[in-house]
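Derivation of every value follows stated rules applied to the coordinates shown; laboratory data play no part. Predicted model, so just to flag it, every value in this text is computed and none were measured. Counting neighbours? That spans all protein chains shown, and the Cβs are built from the backbone with ideal geometry, glycine included.
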Amino acid sequence: MAHVVVVGSSNTDLVVKTERFPKPGETLVGGDFFLFQGGKGANQAVAAARMGAEVTFISKLGKDLFGKQTREGLEKEGISTRLVLEDAAKASGIALITVDEQGENTIVVAPGANASLSPSDIQAALPSLPNHAFILCQLEIPIDTITFLASYAQEKNKNLILNPAPAQKLPESMYDQLFLITPNETEASLLTGMPCDREDDYPKIAQWFRNKGVKQVLLTLGEKGTYFQNSTQQHRIPAQKVTAVDTTAAGDVFNGSLVVALAEGMQWKEAINLATKAASISVTRMGAQASAPFRSELV
Ligand code: ATP
Ligand code: RIB
């Protein structure tokens, strides 16, 4: 069985359906309310577990009801919570989400305990990690913690995959420690300072990251699919045509599925196809972790 390590945030998602997003200062009466397990780290961990991997998840919760529900949810997915830590002084992470009729969303995160997942927490966890080749992380935990992970990955020859979401600038020294970076269009544009809207933008963006030392670049382009580039290959893989109900966590399902495919030894095109299929299923369902498909659904 493939083993992957996911390091990142855990949130509880408070979701309201709405016909359209409110303007600043406007109050709208929306539709149904949902409470879902979320957080980019936990979503990616659950997506990976549902693809059939053994997942070690490193995260931090508050000592509260949402934290308890999060831990129980992860355990139901077969994910060990041995390295899901607690900060009794902080609340568990929360995300306020609105989802419109096209399945698009807006998200505001209150990180709470996610913000105190520190480099020393990771250092303390490292000796107890099972044998692993791949580590997957995002940017909903402190950047110092990601920096520490990147140095560890380089020193120990581990493949670090960074999904740079939510977008923020990265330390220059981090780029050549990354096996793979997976920005969406907004994140790619913020990191490079270049437009990422048109087909001929994608190779230039990927080249920018590779010039900085990133080994492979995979741009996720929403309903337009993905663009991949490394030193020997490039692939432009379209998304599957589906009716989107809620695109929340499409990127998380994509990343969580992709890391499992890579850990199983799949080639790039095959791995990206698998992740594309998984993400396309997730957008047809409401919720973050709730929307992640099981491996048996990828026919
Ligand atoms: P999110 O922030 O919503 O989790 P993201 O912005 O990180 O997602 P996207 O690029 O929007 O990531 O989506 C990731 C992948 O999911 C896409 O490359 C595509 O394969 C799939 N996907 C996203 N939206 C759709 C859609 N409307 N229809 C089909 N597939 C989609
Ligand atoms: O990527 C989707 C996730 O972003 C949501 O589950 C929310 O918790 C925020 O972290």
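Just a few scattered comments:
- The alpha carbon gyration tensor of the chain gives principal lengths a ≥ b ≥ c with a/c below 1.5, which makes the shape rounded.
- Bridges between two residues of the chain, per DSSP, are antiparallel at a rate of about 40%.
- Charges were assigned to the Cβ only: +1 to each Lys and Arg, -1 to each Asp and Glu. The resulting dipole of the chain about its Cα centre is roughly 500 debye.
- Restricting the stretch 1-91 to trypsin sites (Lys or Arg not before Pro) that sit in a DSSP loop and have at most 13 other Cβ atoms within 10 Å of their own Cβ leaves 20, 82.
- Taking the Cα centre of the stretch 55-183 as reference, the dipole from Cβ charges on Lys and Arg (+1) and Asp and Glu (-1) amounts to some 420 debye.
- Along the axis of the charge dipole computed for the stretch 7-142 (Cβ charges of +1 for Lys and Arg, -1 for Asp and Glu, origin at the Cα centre), the listed residues 44, 29, 55 are led at the positive end by 55.
- Listed by chain and number, the lysines whose alpha-carbon sits under 17 Å from that of residue 241, ignoring those within fewer than 8 places in the same chain, are 224, 277.
- Across the stretch 194-203, rounded Karplus estimates of 3J(HN,Hα) from the backbone phi angles (6.51 cos²θ - 1.76 cosθ + 1.60, θ = phi - 60°) give 10, x, 9, 10, 10, 3, 7, 6, 4, x Hz, Gly and Pro being marked x.
- Under 22 Å of direct C-alpha separation, and excluding same-chain neighbours fewer than eight residues apart, residue 215 reaches these lysines: 156, 158, 169, 204, 269.
- In Hz, Karplus ³J(HN,Hα) per residue of the stretch 159-168 (6.51, -1.76, 1.60; θ = phi - 60°; x = Gly, Pro): 8, 9, 9, 10, 9, x, 10, x, 4, 7
- DSSP finds beta bridges in the stretch 150-299, and of those with both partners inside it, around 60 percent are antiparallel.
- Within the stretch 127-233: Cβ-based charge dipole about Cα centre, in debye rounded to nearest 20 (Lys, Arg +1; Asp, Glu -1): 320
- Nitroxide proxy distance, nm - points 7 Å out along Cα→Cβ at residue 147 and residue 233: 3.4
- Signed unit charges on C-beta, dipole axis of the chain, positive-most listed residue 102, 83, 188: 83
- Of all aspartates and glutamates in the structure, those lying under 13 Å Cα to Cα from residue 68, and not within fewer than 8 positions of it along the same chain, are 86, 87.
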